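These notes concern the structure reproduced below.
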Amino acid sequence: MANDATLSQAAARLGEAKRVLITTHVSPDGDGIGSGLGLALALEGLGKEAVIQLADPVPEYLHFLPGQDRIRCAEPNEEGWDALVTLDCGDWRRLGDAPGDTALFGCVINLDHHRGNEEFGDLNVIDPAASATGLMVFHLLRELGAPIGADAALALYTAIATDTGFFCYSNTDVTTFEAATELVRSGAYPYAVHHALNESHPPSRLRMMHQALGLMEFAGDGRIGMIVLDSTAFDRAKASPEDAEGLVELPRSIAMVEVAVLLRPTTEATAFKASLRSKWKADVARIATRFGGGGHARAAGCTLEGPLETTRDRLVAAIQEELNRGE
Ligand SMILES: [Mn+2]
């Protein structure tokens with residue numbers, strides 16, 4: 001692993017710490033929550049105090065993970081801690097105000113796999129080659145010599161499974177499978193994760209999918225597949241924003257499509273959130289970065305201000321440019 005030295009430095013600092021605060025980005029996902037719970041539970045196993053502080057609540061689909069009584073969400077942190085570990089987050093602002101002031105921490109450890117991470121920590125362990133932050137936490141716990149119990153294993157397995165699309169995306173590699181094997185050996189039950197994430201949707205999720213399929217459009221000779229959800233689509237489906245999570249996979253499943261886009265209004269409805277995915281060539285992180293977002297080469301996101309028509313046009317133009325670049 002590229003950042004071995006730093007990973008062992010992080011392990012050394014955590015080994016000394018007695019009280020550790022853990023956090024992840026706003027709108028937390030499976031990797032952020034799974035990594036956080038896995039780390040917290042394993043640190044507790046070493047006799048440390050570990051609390052997870054979040055800016056936003058844990059989404060419904062992750063409520064099956066055990067250990068969530070360690071999560072605080074309502075107020076920003078005001079206490080002092082030996083260390084803060086930020087997980088899966090490329091810049092400090094994206095933590096919301098969850099951790100509070102940096103002066104509250106003996107050490108800030110930034111553990112992440114986003115390329116372009118702003119390295120805001122005292123220790124920055126950034127590995128863009130890692131398929132998930134959960135995988136990095138797994139290796140960190142090995143460095144620490146921390147036993148991984150069944151609950152922590154389930155959390156870390158979930159982190160890795162969600163960021164790799166259940167071991168399908170192009171980031172899935174030997175290291176990923178090796179870690180998953182170890183986690184299953186430690187008690188993670190893969191079907192429990194698949195069941196919670198893929199077989200437990202409310203009917204509104206499928207109504208939203210129905211709307212989304214009807215709104216699918218194409219650009220760039222069919223190489224750009226896009227779904228634009230407006231508030232009418234949500235009203236028709238009687239759906240919540242959570243019901244639209246991951247629908248960007250629908251256009252990505254089409255043979256011709258190289259870049260898939262899901263556009264949906266922000267809760268304030270003054271801007272649009274774009275989720276971007278690609279298959280082989282297009283670097284969607286580069287596109288997202290142009291609009292102030294970020295992510296990975298094959299999965300990224302950003303928020304675009306302005307009315308829908310201009311937003312769509314700006315985005316399609318930027319994607320087209322990226323597709324031309326690769327030719
Ligand atoms: Mn991640």
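The values are calculated or read from the model by the stated rules, or taken from the named source; none is laboratory data. In this text the structure is predicted, and so the values were computed from the model without any measurement. Virtual Cβ from ideal backbone geometry, glycine too; neighbours counted across all protein chains shown. We work out accessible area using only protein heavy atoms, side chains counted, and drop any ligands, DNA or RNA first. Shrake-Rupley method; radii C 1.70, N 1.55, O 1.52, S 1.80 Å.
Among Ala130, Ala98, Ala237, the largest mean-square fluctuation in a Gaussian network model of the chain, built with springs joining Cα atoms closer than 10 Å, belongs to Ala237.
Students sometimes get this wrong: rank Arg325, Arg312, Arg13 by accessible area, probe 1.4 Å, all chains present, largest first. All intermediate terms of the calculation are to be shown ahead of the outcome.
Numbers: Arg325 140, Arg312 40, Arg13 100 Å².
My answer, sorted largest first, is Arg325, Arg13, Arg312.
Calculate for the chain the 222 nm mean residue ellipticity that helices alone would give, adding -39,500 (n - 2.57) per DSSP H run of length 4 or more and normalising by residue count, nearest 500 deg cm²/dmol.
On the way: 11 runs with 124 residues, N = 327.
Value at 222 nm, helices only: -11500 deg cm²/dmol.
Working note: Karplus 6.51/-1.76/1.60 with θ = phi - 60° gives region 212-225 the couplings 4, 4, x, 9, 5, 9, 10, 9, x, 6, x, 7, 10, x Hz, where Gly and Pro are set to x.
I'd like the FRET efficiency for Glu199 and Arg93, computed as 1/(1 + (r/R0)^6) with the beta carbon distance as r and R0 of 25 Å, rounded to 0.05. Calculated transfer efficiency: 0.10. Among the trypsin sites (Lys or Arg not before Pro) within region 233-276, those in coil by DSSP and having at most 16 neighbouring Cβ atoms inside 10 Å are Lys238. Let me know the shape class of region 1-153, please: from the alpha-carbon gyration tensor, a ≥ b ≥ c as square roots of the eigenvalues, rounded when a/c is under 1.5, otherwise prolate if a/b is greater than b/c, or oblate. Rounded. Look at where the Cα atoms of region 55-103 and of region 17-42 average out, and the two centres are 7 Å apart. Placing Ser8, Ser204, Ser27 in order of accessible area, with the largest value first and a 1.4 Å probe, yields Ser27, Ser8, Ser204.
At 0.36 nm per residue, and after removing the present C-alpha to C-alpha distance, how many nm does the segment from Glu79 to Arg185 gain when stretched out fully?
Details: separation 106, 0.36 × 106 = 38.16 nm, distance 3.69 nm.
Residue separation times 0.36 nm, minus the Cα-Cα distance, leaves 34.5 nm.
Counting only protein heavy atoms and a probe of 1.4 Å, the accessible surface of the chain is 52% carbon and sulfur. Semi-axes of the equivalent ellipsoid for region 203-325, computed as √(5λ) from the eigenvalues of its C-alpha gyration tensor and ordered from largest down, come to 22, 16, 12 Å.
Given a Förster distance of 51 angstrom, what is the FRET efficiency for Thr232 paired with Ala150, based on the Cβ-Cβ distance and rounded to 0.05? Between Thr232 and Ala150 the formula returns 0.70.
Give me the percent of DSSP beta bridges within the chain that run antiparallel, rounded to the nearest 5.
Numbers: 20 of 45 bridges.
Bridges in the chain are about 45 percent antiparallel.
What the Kirkwood sum gives for the chain is a hydrodynamic radius of 20.2 Å, with every pair of different alpha carbons counted.
Annotation for Glu119 and Phe218: the two label points, set 7 Å from Cα along the Cα-Cβ direction, are 4.4 nm apart. Largest first, the residues Leu206, Leu104 sort by 1.4 Å accessible area into Leu206, Leu104.
Between Arg142 and Trp280, what is the FRET efficiency for a Förster distance of 41 Å, r being their Cβ-Cβ separation, to the nearest 0.05? Intermediate values should be presented prior to the final figure.
On the way: r = 33 Å, r/R0 = 0.80.
Given R0 = 41 Å and the Cβ-Cβ separation, E is 0.80.
So if each residue of separation counts as 0.36 nm, and I subtract the Cα-Cα distance between Phe167 and Thr266, what length gain in nm does that give? Please list the in-between numbers first.
Values: separation 99, 0.36 × 99 = 35.64 nm, distance 2.97 nm.
So the chain would gain 32.7 nm between Phe167 and Thr266.
Counting only residues at least eight positions apart within a chain, or on another chain, the lysines with an alpha carbon under 28 Å from that of Lys273 are Lys238, Lys281.
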